[in-house]
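*Asks:* Can you keep this structure in mind? I'll have questions shortly.
Where a number appears in this text, it was derived from the coordinates with a stated rule and is not lab data. All values reported here derive from a predicted model rather than from experimental measurement. Note: ideal-geometry Cβ built from the backbone for every residue, glycine included; neighbour counts use all protein chains shown.
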Amino acid sequence: MTLFPQSLRHFLGWQYPERQLMVSLSLPMVKTAAAPVLNDLHQLQKKRDNDEQDVAFLRLLLQKLRQLNRCRLRVTSREEFNHTLAALFYPLAQAKLMQYGRDGGVPDRQSRAQVLDTLIASCAEFVNSYIVITQYYQRCSRFRYARFINKSDLASARVLEFLKLKQSLKALRYQELSPRAWTFANTLMHQIVAAGRQDELLSPLERSYGRDTELETIRVRDVYLSLHMVQRLQLSYWPVQWQTWLLRSIGLGDLKIALGNAASGAPSRHTSLVYCGDEQPTRFVAVPGQTGPAPLVLQWESLQQALTADLAQVLRARRGLEAVSLSRHLSLFGPTERLALAQLQFERFQAYPASVELKLDQQREVPDLRIFIGFQNVFSLLRHIGNGGDWKAVGERMVDLLARHSAVFSDDAEGSEQSSWMIRHQDAQHLCLSTQESRHTTRMQIGDLAAYMLEQTDWHTPKLGVIQRILRPQPGQLLITIQLLCENSQAVLIDSQAGLSSAILRQNDDQGSALLPAILGGREEFTQLLLPTGVRTREDGTLQLQIHQAQETAQLGHMISASKGFTLYALRRRPQVLPAEQAAKPAPAIQTKQELSLSESEATLLQ
């Protein structure tokens, strides 16, 4: 029997622990600063009907938010301002998120960059304003805290939701949440868990201010965990067009992780730790000597199982073994893009956290660097080399001069500033380059095929790679990571009408040329074939390759990888090369002692 009845304890708020955790934020508030007046904002909202007026509206709204965060207000007034401004901001932010989620890369259009940067800055101001509200309720007595617990829950949820929106907007710019943002999120979640409020159902931003959504309620726990899932899947490796579908799957709960109880020991293979106030998202190795509350535990096993199942089922479906049940975002794509996406999400999950911190151990200028982006440009380069072309013909083209220096020109007529490409890291698998971004920077997107020559001596043997990552760590600065595919390569043509056993499948109404451009690549002892996106193939079929003035018969192997710009296959070549004039007879299919086993080759992807 307790001294006080349960109802009295609840009335006094004694069921809640003393609130000792506080998000650290100090805004430069001025006692005499006036609250923002929103009449002009409402007027502009009524008459905006084009992109220019949208930009003017967003800039004015950001100005009002900054003014709000400089003045001292009663908490009820701040809540009203936040509600009004969020109702004006959120629908437009969602519209711009969809608009700019259709394309993006290097260089970023000035108008696109300005709008996204304004939206990101506005999200940061909303986060600050809602944190001020959470700080107020955390300082209240337990009696007052119990009276306003629902408002405190809502403010905490809004902090995490605006961080989530900020994370999505920054991903479109190939930027990541700052350590300060993770400090806010991690401290706030510890605060929420300490109060036992992580599973309360609340109305999401989308329901309150946006269009109808499939989610009528959210839990703060789920919003916080979605931040971590997006961080681990590393959107700086994702084509912009694919990011939206992944974020939607995470938001609808198709992909999940769990939040465990406080850790009592070191994390396991499928768990990681979140420390209160930590500026790192999560840690996979326990930090000795940590004081404060016990770390939270993120449990990754369910997400790993989902991503592994997605990749396994996509690979099996290519062999026609069974019906496919995939995550929602994968089911929207065709077979080739589906494989590329399944591989990407699986590889990014497995590579984390090692691939987050870029190893920038060099800073070497490469004045003779040449980069060719896109399958057609790379194919043309290799044809030029194969036909005996020289370095000068390529090196003096305007596109190459711009690629060489990234061409950051000053507006004044007295001079110009050239920003060279710099090597920041190079190993057997990757090349990391940095430069200052401008409208003249070589155009590229994640998944594009790239041929690069670091010096003139590399002219006859350009290396082929894929644009793997784009990151903007600071305004105007670019870091480009290229993953090496082939050390030696040559342009070839494929006869796509070579017979019934041809590996190239053509539509009945296809009136295009019978010769298909392709790239033959080699790395170590392996031979690979690169085909442009959209070419339908039959694995184990035969290929008639035209190499210079000769023809060769080869057998198409399994698909190694796919990206937005090309598809990479294994290739089994016939040792004998026939002169073109002797190749009139249909070449027999290659007979091999060892059959190509697709399942064995694919099994390595799941290790």
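*Asks:* For every other residue with a beta carbon closer than 10 angstrom to the beta carbon of Leu225, add +1 if it is Lys or Arg and -1 if Asp or Glu, then tell me the sum.
*Replies:* Overall, the nearby charge balance is +2.
*Asks:* Tell me whether region 149-250 comes out rounded, prolate or oblate; compute the Cα gyration tensor, take square roots of the eigenvalues as a ≥ b ≥ c, and use a/c under 1.5 as the rounded threshold. Don't jump to the answer; show the numbers that get you there.
*Replies:* On the way: a/c = 2.20, a/b = 1.37, b/c = 1.60.
Since a/c reaches 1.5 but b/c is at least a/b, the shape of region 149-250 is classed as oblate.
*Asks:* Pull up all non-local amide H partners of His430: gap of 5 or more, or a different chain, and H-to-H distance under 5 Å with H placed in the peptide plane.
*Replies:* Leu484
*Asks:* Within region 288-369, which trypsin sites (Lys or Arg not before Pro) sit in a loop by DSSP and count at most 10 neighbouring Cβ atoms inside 10 Å? Write down the numbers at each step before the final one.
*Replies:* Working: sites: Arg316, Arg318, Arg319, Arg328, Arg338, Arg348, Lys359, Arg364; in loops: Arg319, Arg328, Lys359.
Passing sites in region 288-369 do not exist.
*Asks:* Still on this structure, please answer the following. Taking θ as phi - 60°, what are the ³J(HN,Hα) couplings along region 339-346 by the Karplus curve (6.51, -1.76, 1.60), each to the nearest whole Hz, with x for Gly and Pro?
*Replies:* These are the phi-based 3J(HN,Hα) values: 5, 4, 5, 5, 5, 4, 5, 5 Hz.
*Asks:* Which shape class, rounded, prolate or oblate, goes with region 289-338 when its Cα gyration tensor gives a ≥ b ≥ c as root eigenvalues, a/c under 1.5 marks rounded, and past that a/b bigger than b/c marks prolate?
*Replies:* It comes out prolate by the Cα gyration axes.
*Asks:* Count the net charge of all other residues whose Cβ sits under 10 Å from the Cβ of Lys463, scoring Lys and Arg as +1 and Asp and Glu as -1.
*Replies:* Around Lys463, the surrounding residues sum to -1.
*Asks:* Still on this structure, I have one more. Residues with amide H under 5 Å of Arg72's amide H, sequence separation 5 or more or different chain, H placed in the peptide plane at 1.01 Å from N; which?
*Replies:* It is Val30, Ala33, by chain and number.
*Asks:* Which of the trypsin sites (Lys or Arg not before Pro) found in region 102-187 are in a DSSP loop and have at most 11 neighbouring Cβ atoms, other than their own, within 10 Å?
*Replies:* When the trypsin sites (Lys or Arg not before Pro) of region 102-187 are filtered for loop state and at most 11 Cβ neighbours within 10 Å, Arg102 remain.
*Asks:* Given H placed 1.01 Å from N in the peptide plane, which residues other than close sequence neighbours of Phe566 have an amide H under 5 Å from its amide H?
*Replies:* Placed amide hydrogens put Thr533 under 5 Å from Phe566.
*Asks:* Apply the a/c threshold of 1.5 to the C-alpha gyration tensor of region 196-318 and tell me whether it is rounded, prolate or oblate.
*Replies:* Taking the square roots of the gyration eigenvalues as a ≥ b ≥ c, region 196-318 is oblate.
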